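The values are calculated or read from the model by the stated rules, or taken from the named source; none is laboratory data. If you're wondering where the values come from, they're calculated on a predicted model, not measured in any experiment. Here Cβ is always computed from backbone atoms with ideal geometry, including for glycine, and neighbour counts include all displayed protein chains. Surface areas here come from the heavy atoms of the whole protein model, side chains and all, with no ligands, DNA or RNA. Shrake-Rupley method; radii C 1.70, N 1.55, O 1.52, S 1.80 Å.
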Amino acid sequence: MNKPRVDSISRLLFRVPPFPGKGRVANALAKYVARRQGGRGFCAPGDGARFEVELSDRIAREMWGGCYEPHVQRCLEALLRPGDTFLDVGAHIGYLTVVGACRVGDSGKVFAFEADPGLYRKLARNIDQCPWVCALHAAVWETSG
């Protein structure tokens, strides 16, 4: 089965440096793409990794437009090196998991924890291109319950 390619508008937005209002521009463009593509969008959060989002969700539109938590992404870029191990606790649909996986590379290891069954399914789908990532359908807490 052929996987859809990364949306060209998303690819362009990832290349544009941050500017005031970039999030609003990305949001509007994502809504346009959602109407044309049945609500799904595809972006590349790190080194060619393909990532699927539901463009009906505001946070997903930020991911698609390259505007999602830029401060966290800068931290991951500064801290992670090839061969490192990265834990993503509360991995959601795996956006930062994929960013981290691209930073540590296939010589590293990534463990992504997500308790919500629906989000876990999306996480598992988004990381299937990174065999060095281990997704765990589990919560992480100091006690069991």
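The set of residues from region 78-99 being assigned to a strand (DSSP E or B) and either surrounded by 15 or more Cβ atoms within 10 Å (Cβ to Cβ) or of a type in the set (K, R) (or both) comprises F86, D88.
Quick grid of which residues meet (1) open to solvent by 30 Å² or more (accessible area, probe 1.4 Å); (2) over 25 Å from P17 (Cβ atoms); (3) modelled with pLDDT of 95 or more; (4) part of a helix (DSSP H, G or I):
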{"residue": "G38", "(1), (2), (3), (4)": "yes, yes, no, no"}
{"residue": "L76", "(1), (2), (3), (4)": "no, no, yes, yes"}
{"residue": "A101", "(1), (2), (3), (4)": "no, no, yes, yes"}
{"residue": "S107", "(1), (2), (3), (4)": "yes, yes, yes, no"}
{"residue": "K122", "(1), (2), (3), (4)": "yes, yes, yes, yes"}
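Evaluating V99 against the criteria (1) more than 14 Å from the chain's Cα centre (by Cα); (2) in contact (Cβ under 8 Å) with a residue 24 or more places away in the chain leaves one unmet condition, (1). Could you list all residues from region 50-68 that are among the aliphatic types (A, V, I, L, M) and crowded, with 19+ Cβ neighbours inside 10 Å? Residues satisfying the conditions are V53, L55, A60, M63. For A34, the conditions (1) among the hydrophobic types (A, V, I, L, M, F, W, C); (2) open to solvent by 50 Å² or more (accessible area, probe 1.4 Å); (3) assigned to a helix (DSSP H, G or I) are fulfilled apart from (2).
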